[in-house]
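Structure record follows, encoded as structure tokens.
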Amino acid sequence: MYKKKSSGWAKHFDFIALDLLCLHLSFTLAYILRHGMANPYGDQLYRNMAIFISFSDITVLFFFETLKGVLKRGYYREFAATLKHTMIVFLLSVLYLFSIQESFNYSRITMFLMAIIYLLTSYLVRIWRKHAILHSRRAEHRKRSMLIITTSDIAEEVTRQLLLNNYEQLSISGIAIIDCNMVGASFEKIPVVADKNDVINYVCHEWIDEIFAAFSKNLPYPQELIDQFTVMGITVHEKLNINADILGKKQLVEKIGDYTVLTTSINYATTLQTFAKRALDIVGGLLGCIATGILFIFLAPVIYFSSPGPVIFSQYRVGKNGKKFKIYKFRTMYMDAEERKKELMENNRVKNGMMFKLDFDPRIIGNKVLPDGTLKFGIGSKIRALSLDEFPQFLNVLKGDMSLVGTRPPTLDEWEKYELHHRARLAIKPGITGMWQVSGRSNITDFEEVVKLDTKYISEWNLGLDLKILCKTIGVVFKKEGSM
């Protein structure tokens, strides 16, 4: 799924420190405005809250990545990101008070004042810090002159994008077009100063510190020209991510052995994010295994006496990047279910047999078609409706074959039918729940829609998304339980 990259916490450390400072300043001011000149840290309830909100602030910054792209956001996007961050910290604080049963002893006015002051101060401090960083970069980098070397068909787009995203604040001195002579023309008010024949001469006689090179894919790459600039000691930036506009691709330059390579992946995660996801899986897996043991006491007799045989069903499935593993479930089907599957294939709701779903499955324990044609749903259907059959998969999570959140692992016969783009949905560990399961799984009969949702999850993955899907999963299960 993801290519690991170094954590961005170090480069945002100043923002994190300032955010914590704003939070505690807001906490103190809110307390003083409500209770007068007093020390909130002297009150045990408020002191505990101060500790909790500090932990919550760092957790939200990490899980929801609210500082991601902070230097590239405008005023509106920054306010929206700050508001989102503030609301999550506020809701976590309210939840904390309810969980310790102290909500009536903690001033609601203080809580709301803290949220409002925190929103305003953290937003203003973020804007101030960004301006300070960009101003320092401007002072440094305005001393660096850059020449754009490109082709006529993409010159306007390249120039516009560089000007729009000139976070390094470089001074763009001109454009060189190498596939035709356009000297005298201009793009985005930047003049064309040279063509392929005289660009070397231009660079030799003008002040050029760096070159940005981006060329059309339809023309041969001018490697000899680029090599000449390198020999001259000029810094050359070559546009590598020519496929970056393809959905779901993330690219980065790294070293493998003695080679510098452009790595393309559907997504990537930091080492810290990968560790946190696995830690969440272990905690969830342990709790799930305990719940599975409790459920076993009640479900085992029901399953066995309804259909004699093993209570736990196991089957080989395909996991991350084609790795096969044995999945565990509470058995909800009769022992001959696999043999009867071929007979029922014509009633499969999913096209091409890429998945197997029936409106009414007679293989499920207790399901019957009565003489008058009425469909009777048995105990197996009730277990499946509440997703109780999935609980043994928490053992798979602990073993590392699966994750709490991921994509549905296909059976071996389904995997063999996959086309190339279908395999992208297994670029990660399969999960007990996932995006398509909480997006109306009973209504999705088009496998391509499933692949689309799974790929969307992988390409947009972050820990906050996992938590959101887990919460939605709980909501879906309780909704089903209430409708039964």
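A few points about this structure:
- No other residue among Ile58, Ile32, Ile53 is β-branched (Val, Ile, Thr) and open to solvent by 60 Å² or more (accessible area, probe 1.4 Å) apart from Ile58.
- On inspection, Ile379 qualifies as open to solvent by 10 Å² or more (accessible area, probe 1.4 Å), modelled with pLDDT of 90 or more, among the aliphatic types (A, V, I, L, M) and out of contact with any Asp or Glu (no Cβ under 9 Å at 6 or more places or on another chain).
- Hits in region 30-54 (condition: of a type in the set (A, V, I, L, M, F, W, C) and not in a helix (DSSP H, G or I)): Met37, Ala38
- Within region 80-111, considering residues that are open to solvent by 90 Å² or more (accessible area, probe 1.4 Å) and not in a helix (DSSP H, G or I), the one modelled with the highest pLDDT: Asn105
- When restricted to residues that are part of a helix (DSSP H, G or I) and in contact with a helix residue (DSSP H, G or I) (Cβ under 8 Å, 6 or more places away or on another chain), region 414-431 contains 8.
- Residue check for Val183: more than 34 Å from the chain's Cα centre (by Cα), open to solvent by 40 Å² or more (accessible area, probe 1.4 Å) and modelled with pLDDT of 85 or more: yes
- Restricting region 203-233 to residues that are exposed (fewer than 15 other Cβ atoms within 10 Å of the Cβ) and β-branched (Val, Ile, Thr), the residue that is nearest to Ile148 (Cα to Cα): Thr230
- Among the residues listed as Tyr106, Tyr118, Tyr76, the single one being over 19 Å from Phe13 (Cα atoms) and touching a residue at least 12 places away in the same chain (Cβ under 8 Å): Tyr106
- Residue count for region 432-449, restricted to those that are modelled with pLDDT under 85, in a loop (DSSP other than H, G, I, E, B) and among the small types (Gly, Ala, Ser): 2
- Region 318-346 residues that are within 15 Å of Arg363 (Cβ to Cβ), paired with ones that are surrounded by 19 or more Cβ atoms within 10 Å (Cβ to Cβ) and of a type in the set (Lys, Arg) (beta carbon under 8 Å, 6 or more apart): Thr332/Arg384; Met333/Arg363; Tyr334/Arg363; Asp336/Arg363; Ala337/Arg363; Arg340/Arg363; Lys341/Arg363; Leu344/Arg363
- On inspection, Asp19 passes the criterion of being open to solvent by less than 30 Å² (accessible area, probe 1.4 Å) and either within 20 Å of Leu120 (Cα to Cα) or not hydroxyl-bearing (Ser, Thr, Tyr) (or both).
- Some residue of region 64-75 being among the polar types (S, T, N, Q), touching a Pro at 6+ places or on another chain (Cβ under 7 Å) and open to solvent by less than 60 Å² (accessible area, probe 1.4 Å): no
- Counted residues, region 416-433 - those being within 12 Å of Glu448 (Cβ to Cβ), without any contact (Cβ under 8 Å) to a residue 40 or more places away in the chain and either open to solvent by less than 10 Å² (accessible area, probe 1.4 Å) or touching a strand residue (DSSP E or B) at 6+ places or on another chain (Cβ under 8 Å) (or both): 1
- Positions within region 305-323 being under 16 Å from Ala424 (Cα atoms), assigned to a loop (DSSP other than H, G, I, E, B) and open to solvent by less than 70 Å² (accessible area, probe 1.4 Å), in sequence order: Gly319
- Some residue of region 182-190 being farther than 11 Å from Ile149 by Cβ, outside any strand (DSSP E or B) and touching a residue at least 40 places away in the same chain (Cβ under 8 Å): no
- A count restricted to region 170-180 and to residues that are closer than 15 Å to Glu157 by Cβ and either buried (at least 20 other Cβ atoms within 10 Å of the Cβ) or of a type in the set (S, T, N, Q) (or both) stands at 2.
- Pair list, Cβ < 7 Å and 6+ apart or interchain, from region 214-232 residues that are in contact (Cβ under 8 Å) with a residue 40 or more places away in the chain to residues that are assigned to a helix (DSSP H, G or I) and of a type in the set (Val, Ile, Thr): Ala214/Val158
- Total residues in region 55-72, condition under 19 Å from the mean Cα position of the chain (by Cα) and either acidic (Asp, Glu) or not in a helix (DSSP H, G or I) (or both): 6
- Qualifying residue in region 437-457 (condition: under 30 Å from Tyr304 (Cβ atoms) and not charged (D, E, K, R)): yes
- Flag for Ala194 being within 41 Å of the chain's Cα centre (by Cα) and either among the β-branched types (Val, Ile, Thr) or in a strand (DSSP E or B) (or both): no
The values are calculated or read from the model by the stated rules, or taken from the named source; none is laboratory data. All values derive from a computational prediction rather than experimental measurement. Virtual Cβ from ideal backbone geometry, glycine too; neighbours counted across all protein chains shown. Protein only, heavy atoms only, side chains kept; ligands, DNA and RNA dropped before computing areas. Shrake-Rupley method; radii C 1.70, N 1.55, O 1.52, S 1.80 Å.
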